[in-house]
1. Given (1) out of contact with any Asp or Glu (no Cβ under 8 Å at 6 or more places or on another chain); (2) over 19 Å from Gly181 (Cα atoms), where does Glu127 come up short, assuming only one miss?
2. Quick check: is even one residue across region 116-126 at pLDDT 95 or above, polar (S, T, N, Q) and under 19 Å from the mean Cα position of the chain (by Cα)?
3. Considering only residues that are in contact with an Asp or Glu (Cβ under 9 Å, 6 or more places away or on another chain), surrounded by 15 or more Cβ atoms within 10 Å (Cβ to Cβ) and part of a loop (DSSP other than H, G, I, E, B), which ones fall in region 185-199?
4. Given the criterion over 17 Å from Arg97 (Cβ atoms) and either modelled with pLDDT of 95 or more or surrounded by fewer than 17 Cβ atoms within 10 Å (Cβ to Cβ) (or both), identify the matching residue among Ser9, Ser37.
5. Within the bounds of region 214-225, is there any residue that is part of a helix (DSSP H, G or I) and under 20 Å from Pro192 (Cα atoms)?
6. Looking at Pro158, Pro172, can you tell me which residue is surrounded by fewer than 21 Cβ atoms within 10 Å (Cβ to Cβ) and under 26 Å from Ala69 (Cβ atoms)?
7. So which pairs qualify, if the first residue must be in region 191-215 and small (Gly, Ala, Ser), the second must be surrounded by fewer than 17 Cβ atoms within 10 Å (Cβ to Cβ), the Cβ gap must be under 8 Å, and the two must be at least 6 apart or on different chains?
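The values are calculated or read from the model by the stated rules, or taken from the named source; none is laboratory data. None of the values given here were measured: they were computed from a predicted structure. As a convention, Cβ positions derive from the backbone with ideal geometry for all residues, glycine included, and neighbour counts pool all protein chains shown.
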Amino acid sequence: MKVGISLTSAYATPDARRGARMMIERAAAARRAGLDSLFLGDHHSTGSPYYQNVPMLGRLLAEWGDAPAGCLFLLPLWQPVLVAEQVGTLAAIAQGRFILQCGIGDGAEQFDAMGANLKHRPSAFEEGLDAVRRLLAGETVRSHGRYHFDNARIAPRPPDPVEVWIGATAEPAVDRAARLGDAWLASPGLLPERARALAAFYLERCRAHGRAPSAVAIRRDIYVGESRADVEATAGPVLARGYRGFDPAALVTGTIDEVVQSFRALGAMGYTDVIVRHLIDDQPKVLDSLRRLEQVRLALRA
């Protein structure tokens with residue numbers, strides 16, 4: 001099983017440079033821990049600081065090395081030519097393979113702010129993904145559906161093929177991931193039994209569509225503690241406050257051995273990659289947890 005990281009992009013700090021520095025420090029720590037992939041999320045029109053994925057990933061790639069990296073694009077919020085141009089440039093900066101994570105997005109406020117129609121999400125997603133892929137392949141593309149453009153082409157193009165991971169939770173969306181994507185990224189809020197059922201459903205739909213996935217990934221929000229006492233002192237208050245409304249059973253907190261056990265259970269369900277995000281904000285604690293993730297990764301490989 002591979003262990004990657006999706007860095008937190010929201011930092012409530014009065015100094016915007018401090019939040020950016022925290023992300024850089026976490027990316028460097030993830031590289032030192034030998035994590036298998038690096039990702040950033042996508043959100044718009046926020047009321048608190050949220051560091052945007054394209055410029056931030058461009059900076060973080062300087063810390064990263066040649067392991068796969070990428071970011072999420074909520075495609076209905078983006079013009080497809082712009083996405084393809086951003087991916088082409090990021091892939092040229094990256095030393096390793098670039099992975100395009102994508103999803104349909106949600107939230108009327110961010111859709112309104114970006115001039116997108118919430119009701120058109122599924123069709124805009126499929127049309128946008130098709131256009132992005134064709135542009136990345138070097139085609140000249142036109143679109144007169146949800147998007148309107150003619151004679152579009154991009155350069156630079158990625159030096160290597162770009163993998164597409166599609167995030168999805170509802171079964172119709174998971175089927176779309178099997179039909180259109182190279183891999184599926186499962187939601188961090190899935191409870192274990194639902195995660196097991198959806199992994200089986202995704203693999204069955206891949207077989208039905210004649211596709212062999214490159215990864216079956218799930219995000220898990222985590223904290224790896226030095227001891228059981230450290231876990232209870234550090235993660236306990238966060239869980240008691242009801243972290244993001246998640247059921248605690250969807251979160252992974254524990255010692256190195258306990259986290260290894262949790263990740264192995266996900267592997268037994270059919271997941272090949274766990275993409276982690278830390279559920280605490282304390283920077284020294286996050287960096288300590290990242291150091292311990294190296295031992296988690298090594299134990300999973302043993």
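1. Unmet condition: (2).
2. no
3. Those that are in contact with an Asp or Glu (Cβ under 9 Å, 6 or more places away or on another chain), surrounded by 15 or more Cβ atoms within 10 Å (Cβ to Cβ) and part of a loop (DSSP other than H, G, I, E, B): Pro188, Gly189.
4. After ruling out the rest, the residue left standing is Ser9.
5. no
6. Pro158
7. Partner pairs satisfying both residue conditions: Ala199/Gly270; Ala200/Gly270; Ala215/Thr272.
Results for (1) more than 23 Å from Arg219 (Cα to Cα); (2) touching a Leu at 6+ places or on another chain (Cβ under 9 Å); (3) not small (Gly, Ala, Ser), shown as yes or no for each residue.
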| position | (1), (2), (3) |
| --- | --- |
| Leu82 | yes, no, yes |
| Ala91 | no, yes, no |
| Glu109 | yes, no, yes |
| Ala116 | yes, yes, no |
| Gly138 | yes, no, no |
| Arg142 | yes, no, yes |
| His148 | yes, no, yes |
| Ile154 | yes, yes, yes |
